[in-house]
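The values are calculated or read from the model by the stated rules, or taken from the named source; none is laboratory data. Everything numeric here is computed off the predicted structure, so don't read it as measured data. Every residue, glycine as well, gets a Cβ built from its backbone with ideal geometry; the counts of neighbours run over all protein chains shown. Accessible surface areas use protein heavy atoms only, side chains included; no ligands, DNA or RNA. Shrake-Rupley method; radii C 1.70, N 1.55, O 1.52, S 1.80 Å.
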Amino acid sequence: PIVGREEELATLDDMFQQCLPAACRLVSIVAPAGLGKSRLVREFIQRIRGRARVTRGRCLPYGEGVTYWPIAELVQDLAGFAPTDDLDHARSRILTLVQATGVAGGHRHEADAGRVAEVVAGAVGLSDSTAETTEIAWAVRRLLETTALTGGPLVVVIDDIHWAEPALLHLIEHVATLTSDVP
């Protein structure tokens, strides 16, 4: 059992409860290496099992094309495809996920769903499509909102955020600031 982290777990539990039925909160766990941040997150995830869908991504310390690496991992998990899957299959899985309710900005817009899927696919390296960072942030937010609306509360964990590039930090802030009506 986890020992000595009751206050931190209570804070995470309180933040989770604030997100129900429909709100978004950004929580950062900051501490020096080796003090149990990952263990704390694992314990929290165990506590909310069955009450929320959890997806994870991690920032890489170096490499080419790593800006949206955590988003690629989230999208793979949420849309249900593997990095080795055919590109057309992966893109179709993203579109299916976004079209699950046809929700885009609180309204039914098939064209928006297609644009969301196209922008997300381009951002995570599944197509040659390019978009500005603000449009990528919008599309990822729409994808996460749709997932939360169709599958219940969604908890997104991004590990090693200290390696994140500014564009990813902007995306996270965009999602946390503008998502307000989904769990």
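A few notes on this one:
- Residues whose placed amide H lies under 5 Å from that of ARG56, excluding near-sequence neighbours: VAL157
- Segment 53-183, dipole about Cα centre (Lys/Arg Cβ +1, Asp/Glu Cβ -1), debye to the nearest 20: 400 debye
- Where the chain is the region considered: accessible area per residue in Å², 1.4 Å probe: 55 Å²
- For the chain, the residue among ALA22, PRO166, VAL75 whose Cα projects farthest onto the positive side of the dipole built from Cβ charges is ALA22.
- Normalised contact order of segment 45-183, rounded percent, pairs of Cα under 8 Å and 6 or more residues apart: 31 percent
- Surface composition of the chain: carbon and sulfur atoms hold 53% of the protein heavy-atom accessible area at a 1.4 Å probe.
- Considering only the chain, percent of DSSP beta bridges that pair antiparallel, nearest 5: 20 percent
- Label assignment, mean projected area of the Cα convex hull in nm² derived from the structure, set [x] 9.7; [y] 12.4; [z] 10.7: [z]
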